[in-house]
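Novice: Dumping the structure here so I can ask a few things about it.
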Amino acid sequence: MHASRKRVLKLRKMVRKKLKKLQYRMQKMVGKKFNIRSNIQLADAMFKILKIKGNNDFRSDKTGNMSTGAEHLEWLFENSPHAFLKRLKMYKEFEKLRSMLGDPETSEDMPTGMFQWMHKNGIIHSNILTAGTVTGRFSGKDPNLMNIMRDRVFTSKDVMSVRRLFTSRLGYMMLFVDYSQIELRVLAYMANVK
């Protein structure tokens, strides 16, 4: 697969801008600066300052304070209409995308994210594993291109989408295929079941 380095860098810049904007808005709602990536500071902002009602089933075992773990956040996203949580959910999605995109150079001069696998000419070689999961489904690694994020994070105002990062090389054609339950379909074909 071929990825446009220019588009990746452009999207990365847009994602960083969105993260800063969301961080600013959340800190303004709380009334002070805090590190959103810190579970302790996030819990303090959500449950002590903003008084968001959490689920008592998700209290931390060590301190008895409300947890900011993934399961509790998912529960809150579904069950609380608080505006802070809507922004936090968007922040988490953009953070996931930022991590996927990575950096062409880090402080250790090692590329991260997508740049780790991208050759200078933009080609990305992924490994498709036919027996890589317990369920027998196909999976991918180094990188897992099957796990490319959908466009659920982006609004109609955003010009680029994640899937537009990938292009075909000159003289080639790219095909997106949904392998939904492909194993069952192949088995049905082999067994001549209609």
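The values are calculated or read from the model by the stated rules, or taken from the named source; none is laboratory data. All values derive from a computational prediction rather than experimental measurement. Quick reminder, even Gly has a Cβ in these numbers, built from the backbone with ideal geometry, and neighbours come from all protein chains shown. For the accessible areas, the whole protein counts, side chains as well, though only heavy atoms, and no ligand, DNA or RNA atoms are used. Shrake-Rupley method; radii C 1.70, N 1.55, O 1.52, S 1.80 Å.
Novice: Condition (residue is in contact with a strand residue (DSSP E or B) (Cβ under 9 Å, 6 or more places away or on another chain), assigned to a helix (DSSP H, G or I) and among the hydrophobic types (A, V, I, L, M, F, W, C)) applied to segment 66-88: is it met by at least one residue?
Specialist: Scanning segment 66-88 turns up no residue that is in contact with a strand residue (DSSP E or B) (Cβ under 9 Å, 6 or more places away or on another chain), assigned to a helix (DSSP H, G or I) and among the hydrophobic types (A, V, I, L, M, F, W, C).
Novice: A further question follows. Can you tell me which of (1) modelled with pLDDT under 70; (2) closer than 21 Å to residue 11 by Cα is the one residue 177 doesn't meet?
Specialist: (2)
Novice: For segment 130-148, how many residues meet the condition of being within 21 Å of residue 3 (Cα to Cα) and either in contact with a Pro (Cβ under 7 Å, 6 or more places away or on another chain) or not β-branched (Val, Ile, Thr) (or both)?
Specialist: Here is the first cut: in segment 130-148, the residues within 21 Å of residue 3 (Cα to Cα) are 139-148.
Filter once more, so that each one left must be either in contact with a Pro (Cβ under 7 Å, 6 or more places away or on another chain) or not β-branched (Val, Ile, Thr) (or both): 139-147.
The number of residues fulfilling the criteria is 9.
Novice: Does any residue of segment 34-51 turn out to be under 30 Å from residue 148 (Cβ atoms) and touching a residue at least 60 places away in the same chain (Cβ under 8 Å)?
Specialist: Start the filter on segment 34-51 by keeping residues that are under 30 Å from residue 148 (Cβ atoms), which leaves 35-39, 42.
Now restrict to residues that are touching a residue at least 60 places away in the same chain (Cβ under 8 Å): none.
There is no residue in segment 34-51 that is under 30 Å from residue 148 (Cβ atoms) and touching a residue at least 60 places away in the same chain (Cβ under 8 Å).
Novice: Go through (1) closer than 18 Å to residue 23 by Cβ; (2) open to solvent by 30 Å² or more (accessible area, probe 1.4 Å) for residue 57 and report which single condition fails.
Specialist: Only one criterion in (1) closer than 18 Å to residue 23 by Cβ; (2) open to solvent by 30 Å² or more (accessible area, probe 1.4 Å) is unmet by residue 57, namely (1).
Novice: For residue 35, all conditions in the list (1) outside any loop (DSSP other than H, G, I, E, B); (2) within 25 Å of residue 83 (Cα to Cα); (3) not acidic (Asp, Glu) hold save one; what is the number of the exception?
Specialist: Of the numbered conditions (1) outside any loop (DSSP other than H, G, I, E, B); (2) within 25 Å of residue 83 (Cα to Cα); (3) not acidic (Asp, Glu), the odd one out for residue 35 is (1).
Novice: Considering only segment 61-72, how many residues are open to solvent by 40 Å² or more (accessible area, probe 1.4 Å) and more than 22 Å from the chain's Cα centre (by Cα)?
Specialist: Taking segment 61-72 and keeping what is open to solvent by 40 Å² or more (accessible area, probe 1.4 Å), we get 61-63, 65, 70-71.
Next, only the ones that are more than 22 Å from the chain's Cα centre (by Cα) stay: 61-63, 65.
Final tally of qualifying residues: 4.
Novice: Just name the residue that is surrounded by the most Cβ atoms within 10 Å (Cβ to Cβ) out of those in segment 73-101 that are of a type in the set (Gly, Ala, Ser) and in contact (Cβ under 8 Å) with a residue 24 or more places away in the chain.
Specialist: 80
Novice: Among the residues of segment 21-38, write down those that are open to solvent by 90 Å² or more (accessible area, probe 1.4 Å) and modelled with pLDDT under 95. Step through it out loud before you land on a result.
Specialist: Let us first name the residues in segment 21-38 that are open to solvent by 90 Å² or more (accessible area, probe 1.4 Å), namely 21, 24-25, 28, 32-33, 37.
Listed by number, the list holds a single entry, 37.
Novice: So in segment 39-49, with the set limited to residues that are crowded, with 17+ Cβ neighbours inside 10 Å and not small (Gly, Ala, Ser), which one is nearest to residue 65 (Cα to Cα)? Don't jump to the end; show me each part of the working.
Specialist: To start, the set of residues in segment 39-49 that are crowded, with 17+ Cβ neighbours inside 10 Å comprises 42-46.
Keeping just the survivors that are not small (Gly, Ala, Ser) gives 42, 44, 46.
Values: 42: 12, 44: 9, 46: 11 Å.
If we take residues in segment 39-49 being crowded, with 17+ Cβ neighbours inside 10 Å and not small (Gly, Ala, Ser), then 44 is nearest to residue 65 (Cα to Cα).
Novice: Also: From the list 65, 56, pick out the single residue that is without any contact (Cβ under 8 Å) to a residue 12 or more places away in the chain and over 29 Å from residue 161 (Cβ atoms).
Specialist: Working: 65 fails: without any contact (Cβ under 8 Å) to a residue 12 or more places away in the chain.
So the residue among 65, 56 that is without any contact (Cβ under 8 Å) to a residue 12 or more places away in the chain and over 29 Å from residue 161 (Cβ atoms) is 56.
Novice: Hey, another quick one. Hey, can you tell me all the residues within segment 142-162 that are more than 13 Å from the chain's Cα centre (by Cα) and at pLDDT 75 or above?
Specialist: Of everything in segment 142-162, those that are more than 13 Å from the chain's Cα centre (by Cα) and at pLDDT 75 or above turn out to be 142, 143.
Novice: Pull out all pairs, ordered by first then second residue, where Cβ-Cβ is under 6 Å, the residues are six or more apart or on different chains, the first lies in segment 1-26 and is farther than 21 Å from residue 142 by Cα, and the second is in a helix (DSSP H, G or I) and at pLDDT below 90.
Specialist: Within 6 Å, the pairs are 15/94; 15/97; 15/98; 18/94; 19/94.
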